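To start, the structure itself, in structure tokens.
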């Protein structure tokens, strides 16, 4: 019989991660992620425990994870960010919170502190130059770019739903945008998402493709549309 916390962690990848593809089930296993970031494990278990309750009474597992996550989240307000996993975990907190705008804004600033906003331009230069490999450095660039694009999507959703202003300029440098008609032929990530500021500008939008050499899919793209 599996330990309850490990079973709860595993259930996250059986459904929850589909809607918010921040972690990779092949590399972000319980043991590996626990060594790198116990905070991320707590956040994953928090989300999984909440979903398992199915809208009913929240379980003891959920309340225990919530207490731990809230404690660590409070610490991130006053401590320097040192790992990407902390930002990824905060994205999960935001995605499954009733008021994700506040925690999401904090995640954006954590990402800025780690320089995640600069990851995609660096990654795109490597792809264009044909120098993309599978080193740890390149993997971290892919994770940072993917996380930043998720925050980009969140930010547009918050602006549309809450009618608030952007907390950061998400404009990418010239040369880092691809026209939808000319996507790269390399392997792409499988999850897709679109954020439109208004329907009448949809035809003029451009697509940013977040490429991952570790994706199990070889034919689909993860796309974020900018107006």
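Counting residues in segment 1-114 as N, plug N into 2.2 N^0.38 Å and put the Cα Rg over that result.
1.00
From the P(r) of segment 1-52, can you give the percent of Cα pairs sitting at distances over 19 Å?
The answer is 14 percent, as a whole percent.
Quick one: Cα centre-to-centre distance for segment 1-73 and segment 103-126, in angstrom?
So the separation of the two Cα centres works out to 24 Å.
Can you pull the semi-axes for segment 49-89, root of five times each eigenvalue of the Cα gyration tensor, sorted largest first, whole Å?
26, 11, 6
Order of 55-65, 118-128, 88-98 by packing, highest average Cβ count within 10 Å first?
In descending order of packing, they fall as 88-98, 118-128, 55-65.
Using the Cα atoms as the points, what is the convex hull volume per residue of segment 85-129 in Å³?
Per residue, the Cα convex hull of segment 85-129 comes to 72 Å³.
Could you tell me the relative contact order of segment 1-114? Use alpha-carbon pairs under 8 Å, at least six residues apart, and round to a whole percent.
Worked out over segment 1-114, it gives 25 percent.
Since every read-out is calculated from the coordinates, none of them should be taken as a lab result. Model, not experiment: these values are computed from the prediction. Methodologically, a virtual Cβ is constructed for each residue, glycine included, from the backbone with ideal geometry; neighbour enumeration extends over all protein chains shown.
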